[in-house]
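The values are calculated or read from the model by the stated rules, or taken from the named source; none is laboratory data. Note that this is a predicted model, so its numbers are computed, not measured. All Cβ positions, even for glycine, are placed from backbone atoms using ideal geometry, and neighbour counts span all protein chains on display. The area values use the complete protein model at the heavy-atom level, side chains included, leaving out ligands, DNA and RNA. Shrake-Rupley method; radii C 1.70, N 1.55, O 1.52, S 1.80 Å.
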Amino acid sequence: MKKLIVANWKLNPPTLKEAKKLAAAIVRKSKHVSVVCPPAGFLSGISFPRLGAQDCFWENRGAYTGQVSPVQLKSLKVKYCIVGHSEKRLLGETDEMVNAKARALLEQGITPVLCVGFGTKVEQDDLEVTDILKTQLEMDLKGLDASKVIVAYEPVWAISNGDPLATSKVASPEHAEKMAIFIKHRFGVGKVLYGGSVNPYNAKGYLDQPNIDGLLPGGASLIPKYFNQIINL
Ligand code: PGA
């Protein structure tokens, strides 16, 4: 079955020239569907069949210095936008902001890729994790049509520092599957992705789970050889 693989480039690469090269190195014909999320400043310079953004603001115009609006993203042909990533939550993004961003994106027909799992700890059992996800999603999805939202379960402790092979802690596919089932059944979410130190060696384990609809790789998405392998597993 075709799954959705969303490349989160984060604050990489440093130049537009390198970003274009990276996008060009991703194979266009693959088993799974791929989306590329470059830094906002490169969105208009990159040619890729499906573009995503890494963040947005919840208003579409006005005196909001430094923000990027969903309407602007739409005009750049962006189809997906990450919201609530733990690296943004760490800098102060609240569930209320995540909710407002997701709502504004849906109004423009852009699919939010809503990340949850901030605040979870490696030693927690499944029940403790679902408690955290429940609290987050009740606020993040408030008043939204959850069937139109993609949720990415990203246990914060499993996210890499950029090197996709260097991590010692990864979430098991079985744990990720249980969380995906919880998210879908409890909230009516359409698709659930897994993210956190995904690489070509562990990706298949997640993709084989029936309720995991795709992946959100960070570090591995910056290495075309790895990303091309993942989208063809
Ligand atoms: P990682 O990043 O694959 O480098 O762990 C995933 C993410 O933070 O979205």
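One table, with the values for the structure above:
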item	result
Qualifying residue in the range 60-82 (condition: at pLDDT 95 or above, out of contact with any helix residue (DSSP H, G or I) (no Cβ under 8 Å at 6 or more places or on another chain) and under 20 Å from Ile223 (Cβ atoms))	yes
Single condition Leu193 does not satisfy, out of (1) outside any strand (DSSP E or B); (2) within 16 Å of the ligand (Cβ to nearest atom)	(1)
Residues of the range 206-228 that turn out to be within 14 Å of the ligand (Cβ to nearest atom) and either buried (at least 24 other Cβ atoms within 10 Å of the Cβ) or not hydroxyl-bearing (Ser, Thr, Tyr) (or both), as a count	12
Selected residue (only one of Leu137, Leu127 is assigned to a helix (DSSP H, G or I) and open to solvent by 10 Å² or more (accessible area, probe 1.4 Å))	Leu127
Residue in the range 180-189 that is within 15 Å of the ligand (Cβ to nearest atom), small (Gly, Ala, Ser) and assigned to a helix (DSSP H, G or I) present	no
Check on Ser197, of a type in the set (Ser, Thr, Tyr) and surrounded by fewer than 21 Cβ atoms within 10 Å (Cβ to Cβ)	no
Answer from Lys148, Lys88 - the residue that is closer than 27 Å to Lys178 by Cβ, at pLDDT 95 or above, touching a strand residue (DSSP E or B) at 6+ places or on another chain (Cβ under 8 Å) and surrounded by fewer than 21 Cβ atoms within 10 Å (Cβ to Cβ)	Lys148
Helices (runs of 4 or more DSSP H) contained in the range 27-118 and holding at least 2 residues within 16 Å of the ligand (Cβ to nearest atom)	86-89
